[in-house]
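This report concerns only the one structure given below.
The numbers here are math on the coordinates, done by the rules we state, and not lab data. Keep in mind the model is a prediction, meaning the values are calculated, not measured. FYI the Cβ positions are ideal-geometry reconstructions off the backbone, even for glycines, and counts take in every protein chain you see.
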Amino acid sequence: MIPRENNSDSRMMRGMDIAEKKVISENADGTFSVPSQTVEEIAYLVRLIEGKYLCNCLDFKYREVRKIEACKHIHAVKFWIASQVEIKQAPKPKVFAEDSIQCDKCGSIRIVKFGHADNKQVFKCKDCGRKFRELSVLKKVHYSPELVSLTLDLYFSGMSLRKITRTVSDHYNLDIHYSTIYTWIARYIPQISEYVNSLSPQLSDTWHADEVYVKMKNGIKFKIGKREYDKTSFLWNVMDRKTRFLLASKLSKYRDEQGATQAFKEAIKNAHGSTPERVLTDSLRSYNTPIFDLLPQAYHIAKAGIKKPAATNNRIERLNGTVRERVKVQRGWKSLETPIAEGQRIHYNFVKPHMALERMTPAQRAGIPIENKWRGLLESAMLKK
C-alpha cells in the first residue's frame, strides 16, 4: 500500500508533467480544461468555488473516501497558473480578476445583473441559472455591511439603540430590533479590535494615563470626598501625547494596582515595541507599581493635573469628559466584559476627527494608512479572518 504522503507527491509530480506537456486552457465561464494523460479526446474541468479547487475526474470525486486534497488535474492547473502569471508575466485568469463575480453553486463567472432585492443587487448565472444576491463580507447576515457599519457609527457617535432603530426605519424603511444592533456590536467589535490592534502606530515619547468611573450593574460603592456613588466601576485609559492615540481603555471593578496594570499591559501590547520616556498620571498610588515594573525606563510624573503648567494631564482629562458624556446617555454598562469600551476606543482613534489634530483622527496622526470609517474597518477585519 502506498503511503499517503508519497501518493500525494505522485499526484503533484503527474500534475507538473501535465502542465509542461499538455495545453491547459481557460474557458469563458472561468473553468480550466485539462487534457487527459491517457485519452486525447477527454478533457477534465477544474473550477474554483469560494477559494477551493474542484475537478470532475473520478479521482477527485472520491476524495473524501480516499482522503486526498487535490487530484493531478488540480495540481496541473496550479502549476500552469504559476507558470503563466509569475514566470511568463501573462495576465491573470479572469476568475481571479477583482471585478469578477462567481456563482456560488457552479463557480461560473458568466454572471449578469438581474434586478434588486432588499436594496441589494441580484445576479443570475448564465450557466446553471442560479440567482443570488450581492456577495457580502459578512457571513450569515441578512443586512448589508453598509447598514451594519452605519449602526455602529450612529451608536458610538452618541445615539441610543432605540433611536437608531427609528432612524433606520424612517430613512431606509427597514424594521430592525434594537437588540439586533447590540448583537452586531457584540459580534463585530472584538473582530475589528483584533484587526486594529495588529497595526503599529508611530508614537511620541510621552504617555498620559488616567481613570474615570462609570456606572456599572453590580458595581461597587465609591466615595469621593463627601459624595458617594453606587454601582461604580473604573475605566483606565492610556493615551499617547502627540498623536492622542488611545492605546488602552480597560475596565476594572476596583481602583487598584491590578486595574492599572492591566491597562498598561494592553497599552504596551498595542504600542508594538514603542515605549515612552515619560508617563504623566494623577496622584493615585495605583500607578506606581505597574509603571515601575512594566516601564522601568520611563520617568513617572505623578500629581499631573489641569492647572499645572509644568505637568498637565489636560489631554486625557478631555477624553474623560467625552467618556462621561457618552456613559450618561447610556445610563451605565452591564458587565466588565462589555464591548462598548473597546468600541469607543476604536471610534475615538479611527473614526472621529479631532480639531486639535487639524481634523485628523489619532490613527492618521499616528501614521496608520487605513480608511478611517466604520465600513472600511469592518471590511478589513472580515477580510483578514
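Relative contact order for the range 273-323: what percent, with Cα pairs under 8 Å and sequence separation of 6 or more?
35 percent
Return the calculated 222 nm mean residue ellipticity for the chain, to the nearest 500 deg cm²/dmol, obtained by summing -39500 (n - 2.57) across DSSP H runs with n ≥ 4 and dividing by the residue count.
Result for the chain, helices only: -11000 deg cm²/dmol.
Anything over 29 Å Cα to Cα? Flag those among Lys94/Lys124; Lys217/Lys242; Lys223/Lys250; Lys22/Lys52; Lys22/Lys92, in the order listed.
Lys217/Lys242
Taking the highest mean first, how do the peptides 178-190, 263-275 order by number of other beta carbon atoms within 10 angstrom per residue?
The packing order, highest mean first, is 263-275, 178-190.
Considering only DSSP states other than H, G, I, E and B, which trypsin sites (Lys or Arg not before Pro) in the range 274-321 qualify as loop sites with at most 10 other Cβ atoms within 10 Å?
The qualifying sites are Lys307.
What is the spin-label model distance, in nm, from Tyr229 to Tyr62 if the labels are put 7 Å beyond Cα along the C-beta direction?
Rounded to a tenth, the inter-label distance reads 7.1 nm.
What is the sum of charges, Lys and Arg at +1 and Asp and Glu at -1, for the other residues whose Cβ falls under 14 Å from the Cβ of Gly129?
It works out to a net charge of +3.
Please report, in whole Å, how far the alpha carbons of the range 232-385 spread along each principal axis, starting with the longest.
42, 34, 32
Could I have the simple spin-label model distance between Arg130 and Glu20, label points 7 Å from Cα toward Cβ, reported in nm to one decimal?
Once both label points are built, they end up 3.7 nm from each other.
Helix 72-82: angle to the longest alpha-carbon principal axis of the chain, degrees 0 to 90, nearest 10?
Once rounded, one gets 60 degrees.
Could you give the angle, 0 to 90 degrees to the nearest 10, between helix 374-384's Cα long axis and the longest principal axis of the Cα atoms of the chain?
50 degrees
For the chain, give the magnitude of the charge dipole about the Cα centre (Cβ charges: +1 Lys/Arg, -1 Asp/Glu; no others), in debye to the nearest 20.
Charge dipole of the chain: 1320 debye, to the nearest 20.
Tilt of helix 314-330 relative to the longest C-alpha principal axis of the chain, in degrees (0 to 90, nearest 10)?
Its long axis makes an angle of about 70 degrees.
Work from the charge dipole of the chain (Cβ charges, +1 for Lys and Arg, -1 for Asp and Glu, about the Cα centre) and give the residue of Cys125, Val329, Thr38 farthest towards its positive end.
Sorting the options by dipole projection puts first Val329.
Taking a cut-off of 35 Å, what percent of all Cα-Cα pairs in the chain are separated by more than that?
47 percent
Taking the Cα centre of the range 145-194 as origin, sum charge times position over the Cβ atoms of Lys and Arg (+1) and Asp and Glu (-1), and report the length of that vector in debye to the nearest 20.
200 debye
What is the spin-label model distance, in nm, from Ala186 to Ile42 if the labels are put 7 Å beyond Cα along the C-beta direction?
Reported label-point gap for Ala186 and Ile42 is 5.5 nm.
Determine one quarter of the surface area of the Cα convex hull of the range 145-194, which equals its mean projected area, and express it in nm² to one decimal.
With every direction weighted equally, the projected area is 3.2 nm².
Would you please put 126-132, 233-239, 169-175, 106-112 in order of how densely packed they are, using the mean number of other Cβ atoms within 10 angstrom per residue and starting with the highest?
Working: 126-132: 14.1, 233-239: 25.1, 169-175: 10.6, 106-112: 18.9.
Order by mean packing, descending: 233-239, 106-112, 126-132, 169-175.
Among 356-365, 204-213, how do they line up by average Cβ neighbours within 10 Å per residue, starting with the highest?
Highest to lowest by the protection proxy: 204-213, 356-365.
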